[in-house]
Structures are given as structure tokens and as C-alpha cells.
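Since the structure comes first, as C-alpha cells, the remarks are kept for the end.
The values are calculated or read from the model by the stated rules, or taken from the named source; none is laboratory data. Remember, predicted model here, so these are calculated numbers, not experimental data. Neighbour counts are summed over all protein chains in view; Cβ atoms, including those assigned to glycine, are modelled from backbone coordinates with ideal geometry.
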Amino acid sequence: MTGIDVFASTGLTTTHLFFAAGVLAATALVSWTFYVLFLDPLRDIPGPSWARWTRLWLLKEISSGQSHLTFPKLHDKYGPVVRVTPNLYSFNSLEDQKKIYKLKDPLAKTAYYDTGADPGVANIFTIRDEKEHSDRRRRIASLYTMTSMVNYEEAVDRMNATCVRKLEEFAKRRSAVDIPQFMQYYAFDVIGEISIDRSFGMMEGEADVDDMVKIAHGGAMYQGHVGIVPEIHPSFFQLRKMLGYVNEGSAINEVVNKQLEKHHQAVQTEKTDPKQEPFIQKVVKLKQLGKIADISIMDAIGGNFAAGSDTTGITLSAALYYLYHNPDKLAALRREIDAAAAAGEVSDPVTFKESQNLQYLGAVIQETLRIHSAAGYILERTVPK
Ligand code: HEM
Ligand SMILES: *[C@@H]1O[C@H](CO)[C@@H](O)[C@H](O)[C@H]1NC(C)=O
């Protein structure tokens, strides 16, 4: 025996212990393999072979930045249900989508969502408890009705004018422009006009402001990766904090607080016209009336900043990308708009209402969302027992 005799009284040596641990580990591995191959009730669901054994396969796919292309390919190869980790499945049939994302008695979100906020401070996007979610949602729902959205049309028109002017400027300067980046600046500026009554001036300055683009990107990267192994979120979050990384959840809160302070300090010429009243004024009023708490202000303003710009920027640049790679479709879209203008069916700028009659435009938007979904990952849900 070569082991150090630390358990002299029991007659055991560390060699015995290592041996026992080895036997236990081997038994666990064999039983788990047996379970995966022969007992798992879902063992027949097809998918990439590594996905059956480990979440690392999915993590690798996400890291590649190409998972939005991988998922459709997997469905072409394996059919409507594909295993992507030992217990996560991707569904792509309309019937299944309807069952999974039903509005009544919805299936609960998974722990993937926890990683979209600081541990213990859920936002409207990450809350998993359905009762809590519908309560938080109800408090700000009036701000998001179709009528109140359409009221912000003038704000969008203003930013459209800036966008078109800047694009013309780029063309005159003959300078290359990073369309995904510029469209994100556009989206942030629109969200600024709507939420705080002031564009962030990103398009004008051709630059990020208050690191918001960086924060949105960092948040998506964090959730994309850590979301696959969400059990490490609380400790990984603390570790990052200790190492001096600014966490995205806290960063967005800071940006919102800064805007609230500015709002309170500004001499308020109150804009009561619903076409003018900014989001921030509406939520501050609700707060003063005691109808909502600070957390709901974060849900609304922080939600707009965090959820409303990446998605819109990505979708707009994808639409431009596919239109310019399919000149016949671009020509068809132009024909539709020109014909409507010639017939006096649309004004300049085109109103939201008028645009609803532009069928080809609607198809372009739907098709863009289909082939380049801005949320390029599974919206994970838990199957009830
Ligand atoms: C093309 C544009 C957009 C796309 C594709 C998109 C996509 C989505 C998707 C798929 C979800 C559900 C997420 C889930 O179940 O995990 C969601 C939720 C949400 N989105 Fe968007 N979105 C877009 C624009 C916006 C805008 C402009 C805003 C705000 C101004 C916004 C705010 C939100 C909020 C607050 C939630 C959470 C709602 C809740 O859980 O009750 N989104 N979005
Ligand atoms: C955007 O601005 C351009 C140039 O002023 C205008 O022709 C176009 O109708 C506007 N688009 C929308 C959707 O308002």
C-alpha cells in the first residue's frame, strides 16, 4: 500500500477512497449512458449526436454566431422536433408553436430567462411566474395599446427624416456605411424620441451614446451563453462583478435613472397632447398617482431601451440586406409604393394607416421576420409534468 495512512483508526487509506470514488463515478456514468440510450422516454427524438450527451454542443453553436442558420438546417434534416441539448427541443411547426406559446395558461419560461437580469431582480421580460408577470404587465399595458403606439407616429417621422438625410449625406460623401450599426442608431433614436421625448442623436453623431448599443449587445451575448447553463448565473454574475465588469442589467437601470433625473430637473412644459406626451411623462404620472412602483418605470423605459432597439435595428437591416440581394423584389416594392403615390393613396411621408394597404410591403416585413428572426434563439418553455 502506498497511500498515506490518514484513516489509520479505520484501516482505510486514501487509495481505498480513490478506488471507491472511481467505482461510484464509473457506475454513475454507466447508468446515465444506459438511461440516455435505453430508458429516456424521449430517446427517439432525433438531433445532432453530441446534443444527446451535453449542453456544450449548443454552447459551441451559439458561440459560432451562426445558430440562427443552424436551427433551420437541423429542422430540414431531422424534421419538426429536434433535440438540441439532453432535455431541450426545438419545434418549428405552426401547430406546435400554437400549443407552446398559447396566451391562455401559457407554459412557464425556463431558467434561461433569469440570465436576462441581475440575480433576484426580474424585469418584465424575465419574470417566470405567470401571475406575477400578468400583474406587472397589466400595470403598464395602457402605454402599449395600438392607439398610443400610433400616436408616436410623428416621432418616427422625425427620425425617418434624419435617417434619409444621413443616408443621402453618406452617398454624397461616398463613404461606406455599416447598415446594421446605422439601423441600430436609428432604432435607438426612435426609441429615445418616444420614451424620453429626445432622440439620443446617435444617427447625427454616427456613434453610440451612453454605451447603450454596447450594453444591449453585451446583454444579448451574456444571456445567449450563460442562458444555456443558467445555474451558474448567480456565481458567474458575482465573479464578473468582482472582476470589474459592468453588468448589463445594472447598466440599463443606470441609464434609465439618469434619464429620470434629467426629466425631473428639466423645466417641464407639460405636453398633454397625446401625440406629444412622451412615455417617461406618462409613467412618472402613473407613479405620482400611486398606480405603479419604480419597478414598473424600469419595465417600461428600460424595456423600451433594451428590447425595442436591437430587434428593430436587426429587422430593418435584414430587410435592406435581402431586398438589395434580390433586386427583382426591391423593384416590385418600389413599383407598389410608386403606384400608390401616383394614385394618391399614400402621402409623403407615408402614414402608418396608409402603409397597411401596401400588401407587398407587408409581405416583405413578414418574410424578413421569418428568414432573419431578430430573436434568433429558442424562446424556451417548460413542459408541465
Ligand atoms: C421587429 C421588432 C421586434 C421583435 C422581432 C420583437 C420580438 C419579441 C419577442 C419574440 C418577444 C417575446 C420574448 C419571449 O417570449 O422570450 C418580445 C417581448 C418583448 N418585447 Fe419585443 N420585439 C420587437 C420590438 C419591440 C419593441 C419596439 C419594443 C418596445 C418598444 C419591444 C418590447 C418588448 C417587451 C417589453 C417584451 C416583453 C413582454 C412581456 O414579457 O410581457 N419589442 N419581443
Ligand atoms: C421617410 O422620409 C422620406 C424622405 O422625406 C419620405 O419620402 C418617406 O415617405 C418617409 N417614410 C416614411 C415611412 O414615413
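Those helices (runs of 4 or more DSSP H) of region 325-372 in which at least 3 residues are farther than 22 Å from VAL150 by Cβ, considering only elements entirely within it, cover 327-342, 359-371. Looking at region 318-335, is at least one residue crowded, with 17+ Cβ neighbours inside 10 Å and either within 30 Å of GLN259 (Cβ to Cβ) or near ligand 1 (Cβ under 9 Å from one of its atoms) (or both)? There is at least one residue in region 318-335 that is crowded, with 17+ Cβ neighbours inside 10 Å and either within 30 Å of GLN259 (Cβ to Cβ) or near ligand 1 (Cβ under 9 Å from one of its atoms) (or both). Restricting region 299-324 to residues that are part of a helix (DSSP H, G or I) and polar (S, T, N, Q), the residue that is farthest from LEU358 (Cα to Cα) is ASN304. Selection of first residues in region 354-378 that are farther than 20 Å from LEU330 by Cβ and small (Gly, Ala, Ser) and of second residues that are assigned to a helix (DSSP H, G or I) and within 15 Å of ligand 1 (Cβ to nearest atom), restricted to Cβ pairs under 6 Å at least 6 apart or on distinct chains, gives the following pairs, ordered by first then second residue: ALA374/THR311; ALA374/ILE314; ALA374/THR315; GLY376/HIS68. Would you mind stating whether TYR222 is within 19 Å of PHE125 (Cα to Cα), touching a Gly at 6+ places or on another chain (Cβ under 9 Å) and among the hydroxyl-bearing types (Ser, Thr, Tyr)? Here the answer is yes, as TYR222 does meet what is asked. With TYR222, TYR144, TYR186 as the choices, which residue is surrounded by 15 or more Cβ atoms within 10 Å (Cβ to Cβ) and within 15 Å of ligand 1 (Cβ to nearest atom)? Answer to the check: TYR186. For region 158-178, how many residues meet the condition of being touching a residue at least 60 places away in the same chain (Cβ under 8 Å) and within 16 Å of ligand 1 (Cβ to nearest atom)? So the answer is 1. Can you work out which of the residues in region 108-151 that are of a type in the set (S, T, N, Q) and either within 16 Å of ligand 2 (Cβ to nearest atom) or part of a helix (DSSP H, G or I) (or both) is nearest to GLN238 (Cα to Cα)? Selected residue: THR115. Applying the set (1) within 16 Å of ligand 2 (Cβ to nearest atom); (2) crowded, with 21+ Cβ neighbours inside 10 Å to PHE170 leaves exactly one unmet item: (2). Are any of the residues in region 287-297 assigned to a helix (DSSP H, G or I) and in contact (Cβ under 8 Å) with a residue 60 or more places away in the chain? Looking through region 287-297, at least one residue is assigned to a helix (DSSP H, G or I) and in contact (Cβ under 8 Å) with a residue 60 or more places away in the chain. Among the candidates TRP32, TRP57, the residue that is modelled with pLDDT of 90 or more and either farther than 18 Å from TYR377 by Cα or under 43 Å from the mean Cα position of the chain (by Cα) (or both) is uniquely TRP57.
Among the residues of region 81-107, those that are under 19 Å from TRP50 (Cα atoms) and part of a loop (DSSP other than H, G, I, E, B) comprise PRO86, ASN87.
One line per residue, one yes/no per condition, for (1) surrounded by 14 or more Cβ atoms within 10 Å (Cβ to Cβ); (2) within 13 Å of ligand 1 (Cβ to nearest atom); (3) closer than 20 Å to LYS385 by Cβ:
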{"position": "GLY79", "(1), (2), (3)": "no, no, no"}
{"position": "ARG83", "(1), (2), (3)": "yes, no, yes"}
{"position": "LYS104", "(1), (2), (3)": "no, no, yes"}
{"position": "LYS109", "(1), (2), (3)": "yes, yes, yes"}
{"position": "ILE124", "(1), (2), (3)": "yes, yes, no"}
{"position": "SER134", "(1), (2), (3)": "no, yes, no"}
{"position": "SER148", "(1), (2), (3)": "yes, yes, no"}
